[in-house]
Amino acid sequence: MIRLALAYLRDRPLMTALNVLLLALSVATLVMLLSVSTQLGERFERDAQGIDLVVGAKGSPLQLILSSIYQMDTPTGNIPLESIALLRRDPSVRQAIPLAMGDNFRGYRIVGTEPAYLTLKNAQPVRGRLFARAREVVIGARVAEELGMGLGQRFVGSHGLVADESAGEHEHSPFTTVGVLAPTGSVVDRLILTPVESVWEAHGIDHDHHGAEAHGDQDADHHEAEAHHDEHEHEAVSLTEREELKPEITALLVSYKSAFGAVRIPSMINRQTNMQAAVPAVETARLLSLLGVGIDGARLFAWLLAATGGLSIFVALLAAASAREGDLALLRIMGASRVQVFGTIIVEGLLIAAIGAIAGLVLGHGVLGLARANFEQLRDFGFDPLTMLPGEWAIVVAVLGIGLVAALIPAIRVFRLNLADTLARSS
């Protein structure tokens with residue numbers, strides 16, 4: 001039956017190619033939508049794990065979440081250094097991790113933070129150690145791979161969050177790589193991490209008298225960094241200018257000790273301070289819902305395309321069965337059973353669907369691979385175009401079902417074929 005079905009398909013190559021193309025396009029579209037939506041959702045959830053609240057400057061809550069957690073947007077501004085102590089004193093707060101941003105190195109963001117951020121992301125050095133003082137950095141796995149960076153390498157950051165040759169470099173404040181992180185599959189893989197003091201020094205901000213105020217219980221950890229800073233005062237900024245600049249941070253990543261904090265703290269920050277509090281779970285759900293509208297519309301179009309492909313298969317098989325009635329009747333006379341003739345038509349429809357499904361899988365992942373190669377955002381997000389999801393096999397089964405249903409009516413017509421009448425008409 002299979003060889004006969006293949007022979008029938010080769011007998012009308014143009015129609016077969018059209019049906020395969022329709023199904024392949026629909027499968028490719030569905031695979032791309034499934035892969036993008038699933039991987040984005042998983043990545044959003046993974047990067048926001050352990051973060052209950054983000055505190056930053058007034059502005060768009062979604063922008064604050066995207067810039068602070070996912071490193072995908074520009075920050076809303078800076079907030080006072082005193083906000084760290086304000087939140088760490090709160091009995092409902094488990095931890096408040098500061099972030100200081102504003103510079104990059106060859107397009108990779110330099111983020112000032114604390115070792116607690118690496119603990120939050122389950123990031124451990126695969127080579128070297130964690131930073132211990134200002135101007136020491138640890139680099140993410142992707143940064144090390146893409147830039148070929150290693151331990152002991154010295155470099156200077158550039159102003160801004162994206163690579164720009166016209167942006168100024170902080171030559172007075174070079175960094176030294178002391179650690180390379182193991183891959184985590186999170187945003188950390190594409191970051192350069194350093195103490196907050198490093199970011200202040202790069203921008204000529206004096207922080208000698210703010211250590212205790214900024215870090216509370218972590219004074220002992222940072223006194224050494226402050227002492228080291230005294231040895232590296234740069235001449236690029238005058239003393240008067242340094243006194244005018246106050247240490248600030250970009251955002252705080254907050255986690256709660258109790259559910260009571262989730263009720264009280266966001267309201268307190270939004271109403272009683274000049275800062276804003278954004279809940280990652282709420283803003284991420286809003287973002288995914290906005291994306292979901294477009295994804296659902298494209299998914300509906302893809303299934304309509306698949307249904308069109310099924311209808312085309314039905315029309316083609318019905319026309320082919322009518323044209324081949326005489327041949328099929330001769331097969332019956334030569335010993336073929338009704339089931340065998342019926343099965344030939346069914347196999348023909350399934351073959352078209354199977355070829356279209358396989359071609360769609362290859363096409364879909366191929367397009368995803370090209371998109372990742374050409375769109376930096378997908379690379380930054382860690383998108384993997386070769387990942388096969390369980391839902392893709394469900395798509396393949398659904399397309400095979402479409403092929404089966406499309407072949408059913410022509411097959412039933414052949415099954416009920418009257419040999420005498422058919423031969424009489426053929427003669």
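The values are calculated or read from the model by the stated rules, or taken from the named source; none is laboratory data. This is a predicted model, so every value here is computed, not measured. Note that each Cβ is placed from the backbone with ideal geometry, even for glycine, and that neighbours are counted across all protein chains shown.
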Might you let me know whether the stretch 399-410 holds any residue that is at pLDDT below 90, in contact with a Pro (Cβ under 7 Å, 6 or more places away or on another chain) and either outside the structural domain of residue 162 (by TED's automatic domain parsing) or not in a helix (DSSP H, G or I) (or both)?
-> no
Residue count for the stretch 268-285, restricted to those that are among the charged types (D, E, K, R) and surrounded by 14 or more Cβ atoms within 10 Å (Cβ to Cβ) = 1
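Taking the stretch 94-109, which residues are among the β-branched types (Val, Ile, Thr) and at pLDDT below 95?
Step one: of the stretch 94-109, the residues among the β-branched types (Val, Ile, Thr) are 97.
Matches in the stretch 94-109: none.
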The correct count of residues that are closer than 15 Å to residue 29 by Cβ and in a helix (DSSP H, G or I) in the stretch 371-389 is 1
Answer yes or no as to whether residue 180 is within 20 Å of residue 250 (Cα to Cα), assigned by TED's automatic domain parsing to the domain that holds residue 99, within 26 Å of the chain's Cα centre (by Cα) and not small (Gly, Ala, Ser).
-> no
Name every residue in the stretch 19-49 that is touching a Lys or Arg at 6+ places or on another chain (Cβ under 7 Å) and farther than 25 Å from residue 69 by Cβ, in order of residue number.
-> 30
Among the residues of the stretch 330-343, is there at least one that is among the small types (Gly, Ala, Ser), modelled with pLDDT of 80 or more and not in a loop (DSSP other than H, G, I, E, B)?
-> no
Of the residues that make up the stretch 137-147, is at least one of a type outside the set (Val, Ile, Thr), loosely packed, with under 14 Cβ neighbours inside 10 Å and in contact with a strand residue (DSSP E or B) (Cβ under 9 Å, 6 or more places away or on another chain)?
-> no
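With respect to residue 265, determine if the residue is farther than 17 Å from residue 109 by Cβ and at pLDDT 90 or above.
So residue 265 passes the test.
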Cβ pairs under 8 Å, 6+ apart, first in the stretch 75-86 and of a type outside the set (Gly, Ala, Ser) and modelled with pLDDT of 90 or more, second buried (at least 22 other Cβ atoms within 10 Å of the Cβ) and part of a loop (DSSP other than H, G, I, E, B) = 75/250; 78/250; 79/250; 81/247
Which one is modelled with the highest pLDDT, of the residues in the stretch 110-132 that are crowded, with 19+ Cβ neighbours inside 10 Å and of a type in the set (D, E, K, R)?
-> 114
Looking only at the stretch 72-109, and only at residues there that are of a type in the set (A, V, I, L, M, F, W, C) and under 25 Å from residue 156 (Cβ atoms), the one that is surrounded by the fewest Cβ atoms within 10 Å (Cβ to Cβ) | 72
